[in-house]
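Student: Structure in structure tokens, see below.
The values are calculated or read from the model by the stated rules, or taken from the named source; none is laboratory data. Note that this is a predicted model, so its numbers are computed, not measured. Cβ placement follows ideal geometry from the backbone for every residue including glycine, while neighbour counts extend to all protein chains displayed. We work out accessible area using only protein heavy atoms, side chains counted, and drop any ligands, DNA or RNA first. Shrake-Rupley method; radii C 1.70, N 1.55, O 1.52, S 1.80 Å.
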Amino acid sequence: MSLYGNKIMAVSINEICENTKLAREMALTGNYDTSGVYYQSVVQQIHRLLASIADATRKAKWQLVQQQILQEMEKVKATSNTLQLFKVDTNTERLLGTSNLSFEEPTRDPASWPFSNIDSNWSQAPARDPDVWPPLTPAEQKNSRIQRNQQKQIPRTNTRKSLLSQAKKTDGKQIGKKDDKKGIRKDDISKDKTENEKVDLDLEERKFEPSGNDRDLVELLERDIVQKNPNIRWDDIADLHEAKRLLEEAVVLPMWMPDFFKGIRRPWKGVLMVGPPGTGKTMLAKAVATECGTTFFNVSSSTLTSKYRGESEKLVRLLFEMARFYAPSTIFIDEIDSLCSRRGSESEHEASRRVKSELLVQMDGISSNSEDPSKVVMVLAATNFPWDIDEALRRRLEKRIYIPLPNHEGREALLKINLREVKVGSSVNLTEIAKKLEGYSGADITNVCRDASMMLMRRKIAGLKPDQIRQLPKEELDLPVSAADFDEAVAKCNKSVSQEDLEKYEKWMNEFGSS
Ligand code: ADP
């Protein structure tokens, strides 16, 4: 008898198709918030489906589909973002007598809108710029009305929140139910659908239910710490090939070849990423979770010791219980040094001592529980201050890898990644700039690129009033970044890691490293 109150639930390819179709239709008709909910639901469904697929080829195919859906979702998000730029001042509208032009504002519930960070100040409908948004054709208007009506009819409670919780609780089952089958796009998903629709896997919707009175803490964990789709891929990370290889070996291979990773070859219980700040440690952890399709628990040590003071040990215990339940899982503990300052040192807080003891106990639990490597729970920790970590924890973080400052090639690759969406002038020589950025961390280089790409805009708006700024044509601002812009940005942004720090890392790695 299961402790967790499991429910029988189907991950249906058909529903994935239906929800994808709806997400696209909603996006096409301008209902971005609803579209976001559907996209999220699709991603979650695929995530769950992936957990049930053993065949590597089929899994890879679905991972590709998931990636494409995430990219689409990003595009919708970007479009919604762009529309924000065309926000019209209602007073101006009233003065111009054009207020009747604004269209119905969608209801937005920040809890359910996945792009809520860009929407927190959304107070009115974005104006439709005819260049960006040509007027809807009568057919489109009709379609949009139908969509809206259907949207109202889907769940009984018609709020975005209920839509999302519905999507979460029922894996989008309700949301996807529609009769209209016209216009389904014959894409990759549909192909796989024909292959699989007979199967319509009946899987268990596994929802973690705590045994005691810890429901609140579990909800906190679900809300703040479980990150469903970190959405960082290996390709988003420049350089760091050796770190990527080691992480793949530590996390991915044990899941793919469970029979091999047994006994002496058992997976590592913990991997510690050591290195200067801003070198991509967090990105690597996120990429591990995305690329491996593991459930990602993103915890910062300071969160454990401050936000949940008093309940911290319990939180650590629940965190590992949940990770085992949703395995394969990756628990990423950032700034682990702040939790594990040397035992007995004066700075050691009583609370953090208790949290640390619990963490040690739980990590020991992982290794004794590793008969099935496909159910692996992997602790990935990161620190900028490895010398502060005590011996007991260091021993449990068996693999200790160094994440260095980028080398010349890495810096050039980083420049290219950062400038993917920006026009770059022909005078710009990235190899030369990479040379000038020796000693800069990845985060420093990102800052340089951000700064360089804003230079022109800063010059253009200097001394202008808000109204004049709003009237500036987009083409005037979106000109290529020049070599001079880069020179100015490099001169302004200093490197954040000193030679002295680098020597300290080298010394520590010589003594304790194990890559
Ligand atoms: P850390 O965890 O090591 O302090 P992060 O992973 O949080 O560093 O990286 C901070 C930022 O720096 C990232 O958001 C990204 O913009 C940039 N960055 C750092 N290293 C890389 C890299 N190797 N590839 C791409 N971007 C990077």
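Student: Quick check on my filter: what residues within segment 455-483 are open to solvent by less than 70 Å² (accessible area, probe 1.4 Å), free of Cβ contacts under 8 Å to residues at least 12 places away in the same chain and assigned to a helix (DSSP H, G or I)?
Tutor: Ile461, Ile469
Student: Just for segment 222-237: of the residues that are not aromatic (Phe, Trp, Tyr) and not in a loop (DSSP other than H, G, I, E, B), which one is most open to solvent (accessible area, probe 1.4 Å)? Step through it out loud before you land on a result.
Tutor: First, pick out the residues of segment 222-237 that are not aromatic (Phe, Trp, Tyr): 222-233, 235-237.
Filter once more, so that each one left must be not in a loop (DSSP other than H, G, I, E, B): 222-227, 235-236.
Working: Glu222: 45, Arg223: 163, Asp224: 60, Ile225: 4, Val226: 17, Gln227: 57, Asp235: 127, Asp236: 43 Å².
Restricting to residues being not aromatic (Phe, Trp, Tyr) and not in a loop (DSSP other than H, G, I, E, B), the top hit is Arg223.
Student: Turning to a different aspect of this structure: Might you check whether a residue that is over 30 Å from Glu391 (Cβ atoms) and either at pLDDT 90 or above or in a helix (DSSP H, G or I) (or both) occurs anywhere in segment 281-292? It would help to see each step written out before you state the result.
Tutor: Here is the first cut: in segment 281-292, the ones over 30 Å from Glu391 (Cβ atoms) are 290-291.
Checking which are either at pLDDT 90 or above or in a helix (DSSP H, G or I) (or both) leaves us with 290-291.
Checked segment 281-292: at least one residue is over 30 Å from Glu391 (Cβ atoms) and either at pLDDT 90 or above or in a helix (DSSP H, G or I) (or both).
Student: When you scan segment 266-275, do you find a residue that is more than 20 Å from the chain's Cα centre (by Cα) and free of Cβ contacts under 8 Å to residues at least 12 places away in the same chain, even just one?
Tutor: So in segment 266-275, the residues more than 20 Å from the chain's Cα centre (by Cα) come out as 266-272, 274-275.
From what is left, the residues that are free of Cβ contacts under 8 Å to residues at least 12 places away in the same chain are none.
No.
Student: Give me the residue from segment 238-287 that is among the basic types (Lys, Arg) and either at positive phi or surrounded by 20 or more Cβ atoms within 10 Å (Cβ to Cβ) (or both) and, out of that set, nearest to the ligand (Cβ to nearest atom). Don't jump to the end; show me each part of the working.
Tutor: So in segment 238-287, the residues among the basic types (Lys, Arg) come out as 244-245, 262, 265-266, 269, 281, 286.
Those left that are additionally either at positive phi or surrounded by 20 or more Cβ atoms within 10 Å (Cβ to Cβ) (or both): 269, 281, 286.
Details: Lys269: 21, Lys281: 3, Lys286: 8 Å.
Among those that are among the basic types (Lys, Arg) and either at positive phi or surrounded by 20 or more Cβ atoms within 10 Å (Cβ to Cβ) (or both), it is Lys281.
Student: Output the residue which, of all residues in segment 378-389 that are away from the ligand (no atom under 14 Å from the Cβ) and open to solvent by 10 Å² or more (accessible area, probe 1.4 Å), is nearest to Ser300 (Cα to Cα). Explain how you work it out, then say what you get.
Tutor: Initially, segment 378-389 is screened for residues away from the ligand (no atom under 14 Å from the Cβ), giving 378-379, 387-389.
Checking the rest, the ones that are also open to solvent by 10 Å² or more (accessible area, probe 1.4 Å) come to 387-388.
Details: Trp387: 18, Asp388: 16 Å.
In this case the residue turns out to be Asp388.
Student: Filter segment 312-342 down to residues that are away from the ligand (no atom under 16 Å from the Cβ) and not in a helix (DSSP H, G or I), then give me how many there are.
Tutor: 7
Student: I'd like to verify a number: residues in segment 21-51 that are open to solvent by 10 Å² or more (accessible area, probe 1.4 Å) and either without any contact (Cβ under 8 Å) to a residue 60 or more places away in the chain or part of a helix (DSSP H, G or I) (or both), how many?
Tutor: 11
Student: Separate question: For segment 401-438, give me each residue that is within 14 Å of the ligand (Cβ to nearest atom), open to solvent by less than 20 Å² (accessible area, probe 1.4 Å) and either of a type in the set (Asp, Glu) or farther than 10 Å from Ala238 by Cβ (or both).
Tutor: Ile401, Ile403, Leu419, Ala434, Leu437
Student: Here is a follow-up. For segment 434-447, enumerate the residues that are in a helix (DSSP H, G or I) and either of a type in the set (D, E, K, R) or out of contact with any Lys or Arg (no Cβ under 8 Å at 6 or more places or on another chain) (or both).
Tutor: Taking segment 434-447 first, the residues in a helix (DSSP H, G or I) are 434-436, 442-447.
Once the filter is applied, which keeps residues that are in a helix (DSSP H, G or I) and either of a type in the set (D, E, K, R) or out of contact with any Lys or Arg (no Cβ under 8 Å at 6 or more places or on another chain) (or both), segment 434-447 yields Lys435, Lys436, Gly442, Ala443, Asp444, Thr446, Asn447.
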